[in-house]
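First comes the structure, then the notes that go with it.
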Amino acid sequence: MTKNFFALISRMKNINRWVLMRNSYSENLQEHSHMTAVLAHALAVIGKEIYGKEVDPDRAASVALFHDASEILTGDMPTPVKYQNSEMMESYHRVEAMASQKLLEHLPEQLRPSYVPLMQNEDEQLAKVIKAADKLSAYIKCVEERCAGNKEFSSAERQTKKALEEMDMPEVGYFMEHFMPPFGLTLDELTAERI
């Protein structure tokens, strides 16, 4: 019997993000998940190598790849709606959990134990890194939109930056200081030889 799990995962590219906002360029769930995985890995490496934290960068990247997989079945609910109030947020988290479980059912039983921890992460420290990477990915999108002349993301940029600062994670501060400034540069500026 065939299993649909990976065909469903492939559909992440069909789920657009930021659907209520005018975008200079669209971002789909697959692109966001990839960037979140790259950022989660980076935050974990920074946390481990610079701040002595016990977090596995490879595991952080793997969990981040699947952090929004439930949206294949639920779609991407806009943040202002999802977090409108605690009742809405709790309801949406229940729907996400059910969607994750439904996706896992599309795997052979022998493979499920390897994917459950990726899609239903219970490690609080790792969850904090993934959440920070998710927010950082959103912040980068906002910065890129602003740099493209799109004012639509101005408020989201301020709110997301504030949320990142409130996380009080030194690895996030390190990333913001050392790696965020180039996101405003052109390709020529990024690739120019530094003397």
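Some notes on this structure:
- Boolean, residue 114 is at pLDDT 85 or above, polar (S, T, N, Q) and surrounded by fewer than 17 Cβ atoms within 10 Å (Cβ to Cβ): yes
- When we screen 157, 165, 96 for residues that are surrounded by 12 or more Cβ atoms within 10 Å (Cβ to Cβ), among the acidic types (Asp, Glu), modelled with pLDDT of 95 or more and under 16 Å from the mean Cα position of the chain (by Cα), the only hit is 157.
- The stretch 24-37 - residue that is assigned to a loop (DSSP other than H, G, I, E, B) and out of contact with any helix residue (DSSP H, G or I) (no Cβ under 7 Å at 6 or more places or on another chain) and, of those, modelled with the lowest pLDDT: 25
- The set of residues from the stretch 1-17 being aromatic (Phe, Trp, Tyr) and touching a residue at least 60 places away in the same chain (Cβ under 8 Å) comprises just one member, 5.
- Within the stretch 43-66, the set of residues being under 28 Å from residue 94 (Cα atoms) and either among the charged types (D, E, K, R) or assigned to a loop (DSSP other than H, G, I, E, B) (or both) comprises 55, 56, 58, 59, 66.
- Residue check, residue 107 in a helix (DSSP H, G or I) and either basic (Lys, Arg) or within 27 Å of residue 57 (Cα to Cα) (or both): no
- The residue pairs whose first member lies in the stretch 105-116 and is closer than 9 Å to residue 3 by Cβ, whose second member is part of a helix (DSSP H, G or I) and among the acidic types (Asp, Glu), and whose beta carbons are closer than 8 Å, counting only pairs six or more residues apart or on different chains, do not exist in this structure.
- Number of positions in the stretch 18-37 that are surrounded by 12 or more Cβ atoms within 10 Å (Cβ to Cβ) and without any contact (Cβ under 8 Å) to a residue 24 or more places away in the chain: 3
- Condition met for residue 136 (farther than 26 Å from residue 180 by Cα and surrounded by 16 or more Cβ atoms within 10 Å (Cβ to Cβ)): no
- Residues in the stretch 139-195 that are of a type in the set (Phe, Trp, Tyr) and either part of a loop (DSSP other than H, G, I, E, B) or touching a strand residue (DSSP E or B) at 6+ places or on another chain (Cβ under 9 Å) (or both): 179 only.
- Where residue 40 falls short, out of the listed (1) within 13 Å of the chain's Cα centre (by Cα); (2) assigned to a helix (DSSP H, G or I); (3) modelled with pLDDT under 95: (3)
- Residue 69 meets each of the listed conditions (1) under 17 Å from the mean Cα position of the chain (by Cα); (2) assigned to a helix (DSSP H, G or I) apart from (2).
The values are calculated or read from the model by the stated rules, or taken from the named source; none is laboratory data. Because the structure is a prediction, the values reported are computed rather than measured. As a convention, Cβ positions derive from the backbone with ideal geometry for all residues, glycine included, and neighbour counts pool all protein chains shown.
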